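Below is one structure, written out as structure tokens; comments come after it.
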Amino acid sequence: MRISVTVDGTKYTDEVEPRTLLVHYLRERLGKVGTVVGCDTSNCGACTVHLDGHSVKSCSVLAVQADGCEVTTVEGLARDGKLHPVQQAFHDNHALQCGFCTPGMIMQSIDLLADNPDPDEQAVREGLEGNLCRCTGYQNIVRAVRDAAKHMSPGAGPEAERIAENKHVGVGGD
């Protein structure tokens, strides 16, 4: 099947097998390897991306379901060489150990902060409950999300990503 999808601000049109998962399309066809294949069962959240501004586990979405949509991966967050505030907060608060879960945690955190710009610790833990980390014990991840909330302006979540992405459409492969 033929799909057209905008990924990190660049529009792509490709032929895909109807059974191709979005995570595999992103990694294998587009080279977006920051989107991690963790479990292929939507249990771990490592593959979380934004689909039309909302977090989804890309191992549970078919590439054909993304036809006509905008996808943001962790690679598409930085702007003009500057990390997204959530990425920066993860760095500043040492919110990673092996790094395997980090892209999914960051993407889910951005969606969480779009819905709740000033979450308390419990709200962060609940908002990230579908994303697993096997290394850290989550304390620094929670700290990073709360720190990012202080540095982000209200509404600086997925809607702001779409506005920023639209400025970059057409930069890459059509």
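The values are calculated or read from the model by the stated rules, or taken from the named source; none is laboratory data. Keep in mind the model is a prediction, meaning the values are calculated, not measured. Heads up, the Cβs are rebuilt from the backbone with ideal geometry, glycines too, and the neighbour counts pull from every protein chain shown. Only protein heavy atoms, including side chains, enter the accessible area calculation; ligands, DNA and RNA are left aside. Shrake-Rupley method; radii C 1.70, N 1.55, O 1.52, S 1.80 Å.
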Which one, Arg27, Arg134, Arg125, has the greatest fluctuation when you compute a Gaussian network model over the chain with C-alpha springs under 10 angstrom? Arg134
Run the 1.4 Å probe and let me know the accessible area of His94, rounded to the nearest 10 Å². 130
Leaving out ligands and nucleic acids, and using a 1.4 Å probe, what accessible area per residue does the chain come to in Å²? 49
How large, in percent, is the carbon and sulfur part of the accessible surface of the chain at a probe radius of 1.4 Å? 48
Please find, in a Gaussian network model of the chain (springs between Cα atoms separated by less than 10 Å), the residue of Leu26, Leu128, Leu83 whose mean-square fluctuation is greatest. Leu83
How long is the gain from Asp52 to Gln88 if the chain were fully straight, where each residue apart is worth 0.36 nm and the alpha carbon distance is subtracted? 10.6 nm
For Val33 and Asp120, what does the FRET efficiency come to when R0 = 22 Å and r is the distance between their Cβ atoms, rounded to the nearest 0.05? 0.05
Of all GluC sites (Glu not before Pro) in region 41-146, which ones are in loop regions per DSSP and have a Cβ with at most 13 other Cβ atoms within 10 Å? Glu129
When all protein chains stay in place, what accessible area (Å², nearest 10, 1.4 Å probe) is found for Arg146? 100
